[in-house]
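The values are calculated or read from the model by the stated rules, or taken from the named source; none is laboratory data. Nothing here was measured: the structure is a model prediction, and the numbers come from that model. Every residue, glycine among them, receives a Cβ derived from its backbone with ideal geometry; neighbour counts consider all protein chains shown.
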Amino acid sequence: MWEKMDTKLKRSTTFHPQTYGQTKVVNMTLVQLQRGYNQKHPKIWDENLVYMQHSYNKAVHTSTGKSPFETCFGYLSPSPLDITYGQQGGVKKDIIGDALRAENFIEKIKHIHLQVKETLQKSQVKYKARHDRNRTKKSFKVGDRVWL
């Protein structure tokens with residue numbers, strides 16, 4: 001399944017900072033969620049992992065403009081309240097159906113992935129421009145001593 005989504009596993013170490021920023025942001029977010037959920041009862045933090053996972057996957061990310069669940073599945077995940085009161089959040093009409101509905105669903109996913117890709121590219125350009133504003137260009141000549 002993951003091969004079709006064109007995802008890659010990137011391991012992060014001190015010598016490969018390409019993924020470190022993403023990991024750091026996700027970890028900070030999860031720590032904040034844990035603090036919020038487990039403030040009154042810290043000893044049962046493991047029982048709340050399901051709720052934190054649902055919250056994280058339902059939250060719209062600024063970089064993509066979509067939630068992780070919507071990016072993968074093409075619709076917003078139903079909350080427990082939606083299920084309790086009978087509003088399925090579009091699950092049945094998007095997934096269950098004949099071949100035509102399946103094709104429409106696949107096209108919808110492709111469209112969402114394209115939107116997310118375009119939004120991420122715009123975000124990367126914006127972040128790079130912001131970072132480059134503070135960068136100064138240095139030039140060195142042969143024989144100059146450079147201290148790292």
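Numbers for the structure displayed
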read-out	value
Residue match in region 91-109 (condition: at pLDDT 80 or above and either exposed (fewer than 13 other Cβ atoms within 10 Å of the Cβ) or of a type in the set (S, T, N, Q) (or both))	yes
Residue ID - nearest to the chain's Cα centre (by Cα), chosen from residues in region 28-44 that are assigned to a helix (DSSP H, G or I) and exposed (fewer than 13 other Cβ atoms within 10 Å of the Cβ)	Met28
Where Thr62 falls short, out of the listed (1) surrounded by 12 or more Cβ atoms within 10 Å (Cβ to Cβ); (2) in a loop (DSSP other than H, G, I, E, B)	(1)
Conditions (1) loosely packed, with under 11 Cβ neighbours inside 10 Å; (2) modelled with pLDDT of 80 or more; (3) within 22 Å of Ser55 (Cβ to Cβ); number of the one not met by Thr84	(2)
Those residues of region 102-148 which are of a type in the set (Gly, Ala, Ser) and under 20 Å from Thr64 (Cα atoms), in sequence order	Ser123, Ala129
Unique match (being touching a His at 6+ places or on another chain (Cβ under 8 Å), modelled with pLDDT of 85 or more and at negative phi) among Ser67, Ser123	Ser67
